[in-house]
Amino acid sequence: MPEKSSHNVVLEPRLVARKFLARPQHEGMGAIVRRSIGRFELKYFDPFLVLDEFSVTAPAGFPDHPHRGFETVTYMLQGSVTHEDFEGHKGTIGAGDLQWMTAGRGIVHSEMPAAQGTQKGLQLWINLSSKNKMIEPNYQEVSSKEIPEATKDGVIVKVIAGEALGAKSPIYTRTPTMYLDITLKPKAHLQQPIPSSWNAFVYVLEGEGIFGSSKATLTTAHNLLLLGFGDGLEVWNKSAKALRFILVGGEPLSEAVVQFGPFVMNTQEEIDQTIDDFDNYTNGFEKARHWRSEAAISLGF
């Protein structure tokens, strides 16, 4: 089947409403992250809780830690990370690979470097609705070669979630989400539809581009752009180098959010119960009592 063009289908391009530069900070055990969502100025962008661009070199990493009430999406850009959890699930996420983890009622896991040198990637936290917060944990893992890719007029799109240029991701999103890794070659231009009712943002990985309006100022790497109202995004690469960015959109949950570190629920009472469950190894955290990751054991934790 021929590819569907995304040109001339955006009637009301979204303009950039806010812009943030993600600066490096320490997180986990010696890791460096550039946090753009989940920081002081932007605690929550419904349904997105956190966006980190992380950089980690052994022995640094993210040793054993819990989650409840949301999903973590890990997309590797360079190197590889080994993941293991208290259910016995273990694997390595390499460059270009995707892991979509639904923590649901509870997961305790570790994420540690699996190779020499520096490992780089993105981790996005997506909130779950109240009806899904206590579902059983689940994984969707897609290798780099299995991620759908489409090319048209100097635009290359890897479809992590949702669809673009006629390519569609196999990922099931409990909170409706689109997640696109987009590269524009020099002088390329793109119009990408986004459901009008969704919140959406751009995070620039490499190069520089013009977003929303041809008269907008250039945006460079490590900048987050919150997009305003409209039915899509318009982007220009007027430079001599490639522009790479992610475009992420999601349907707002419009529910109360109460967060305590790695626990995200709807009420303070639910957070208190979650802390009690974790401390007492109950209600989803039973296996945490006797579990330590292989990484934690080898590091003497």
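The values are calculated or read from the model by the stated rules, or taken from the named source; none is laboratory data. As the structure is a prediction and not an experimental result, all values here were calculated from the model. When we count neighbours, we look across all protein chains shown, and the Cβ atoms used for this are built from the backbone with ideal geometry, even at glycine. Note: accessible area is taken over every heavy atom of the protein model, side chains too, but ligands, DNA and RNA are not part of it. Shrake-Rupley method; radii C 1.70, N 1.55, O 1.52, S 1.80 Å.
Once phi is turned into θ = phi - 60°, what whole-Hz ³J(HN,Hα) does the Karplus curve with 6.51, -1.76 and 1.60 give for every residue of segment 212-222, x standing for Gly and Pro?
x, 9, 5, 9, 5, 6, 5, 10, 10, 4, 6
7 Å from Cα along Cα→Cβ at both Leu21 and Lys185: what's the point-to-point distance in nm?
Those two pseudo-labels are separated by 3.2 nm.
Given a Förster distance of 22 angstrom, what is the FRET efficiency for Ser129 paired with Asn280, based on the Cβ-Cβ distance and rounded to 0.05?
FRET efficiency, Ser129 to Asn280: 0.25.
Straight distance only, please: which lysines reach the Cα of Lys90 with their own Cα at less than 16 Å, same-chain residues fewer than 8 apart left out?
Lys287
How much of Thr217 can a 1.4 Å solvent probe reach, expressed as accessible area in Å² and rounded to 10?
Around 110 Å² of this residue is reachable by solvent.
Per residue, how much accessible area does the chain have with a 1.4 Å probe, in Å²?
For the chain, the per-residue accessible area is 44 Å².
Measure up Lys19/Lys215; Lys145/Lys168; Lys43/Lys133 against 24 Å on the Cα-Cα distance and list the ones that go over.
none
Sorted by mean Cβ packing within 10 Å, highest first, what order do the peptides 23-29, 72-78 take?
Top of the packing list down: 72-78, 23-29.
Using R₀ = 41 Å, calculate the FRET efficiency as 1/(1 + (r/R₀)^6) where r is the Cβ-Cβ separation of Glu12 and Lys241; round to 0.05.
According to the calculation, E is roughly 0.90.
Reachable aspartates and glutamates from Lys152, Cα under 12 Å, same-chain residues fewer than 8 places away excluded?
Counting by Cα, and skipping residues close in sequence, Lys152 has these aspartates and glutamates nearby: Glu3.
How much length would be gained if the chain were fully extended between Thr151 and Glu163, taking 0.36 nm per residue of separation minus their Cα-Cα distance, in nm to one decimal?
3.0 nm
At a 1.4 Å probe radius, carbon and sulfur cover how many percent of the accessible area of the chain?
About 52 percent, which is the carbon plus sulfur part of the accessible surface.
List the chymotrypsin sites (Phe, Trp or Tyr not before Pro) within segment 102-204 that fall in a DSSP loop (any state other than H, G, I, E or B) and whose Cβ has at most 15 other Cβ atoms within 10 Å.
Tyr172
Name the aspartates and glutamates eligible as straight-distance cross-link partners of Lys187: C-alpha to C-alpha under 13 Å, and not fewer than 8 places from it in the same chain.
Result set, ordered by chain and number: Asp153, Glu208.
Once Lys and Arg get +1 and Asp and Glu get -1 on their Cβ, which of Gly69, Gln192, Gly117 lies farthest toward the positive end of the dipole of segment 22-250?
Farthest along the dipole direction, towards plus: Gln192.
Mind jotting down a quarter of the surface of the convex hull over the alpha carbons of the chain, in square nanometres, one decimal?
For the chain, averaging the hull's shadow over all directions gives 15.4 nm².
Relative to the longest principal axis of the chain, what angle (0 to 90°, nearest 10) does the C-alpha long axis of helix 268-280 take?
Once rounded, the angle reads 50 degrees.
Mind ranking 142-148, 105-111, 63-69 by how tightly packed they are, going by the mean number of other C-beta atoms within 10 angstrom, highest first?
The most tightly packed comes first, giving 105-111, 63-69, 142-148.
Determine ³J(HN,Hα), in whole Hz, for all residues of segment 98-115 in sequence, where each value follows from phi through the Karplus function 6.51 cos²θ - 1.76 cosθ + 1.60 and θ = phi - 60°; x replaces Gly and Pro.
Whole-Hz 3J(HN,Hα) from phi for segment 98-115: 10, 10, 10, 9, 9, 5, x, 6, x, 9, 10, 8, 10, 9, 10, x, 10, 8.
If you keep only loop residues by DSSP, which trypsin sites (Lys or Arg not before Pro) in segment 171-230 have at most 10 other Cβ atoms within 10 Å of their Cβ?
Answer in residue order: Lys215.
If each of His65 and Phe260 carries a label point 7 Å out from its Cα toward its Cβ, how far apart are those two points in nm?
Each label point is offset 7 Å from its Cα along the Cβ direction, giving 1.7 nm.
Could you tell me whether segment 38-125 comes out rounded, prolate or oblate from its Cα gyration tensor? Rule is a ≥ b ≥ c as square roots of the eigenvalues, rounded for a/c under 1.5, then prolate if a/b exceeds b/c, otherwise oblate.
The shape class here is oblate.
Let me spell out the model: positive unit charges on the Cβ of Lys and Arg, negative unit charges on the Cβ of Asp and Glu, origin at the Cα centre of the chain. What dipole size does that give, in debye rounded to 20?
1140 debye
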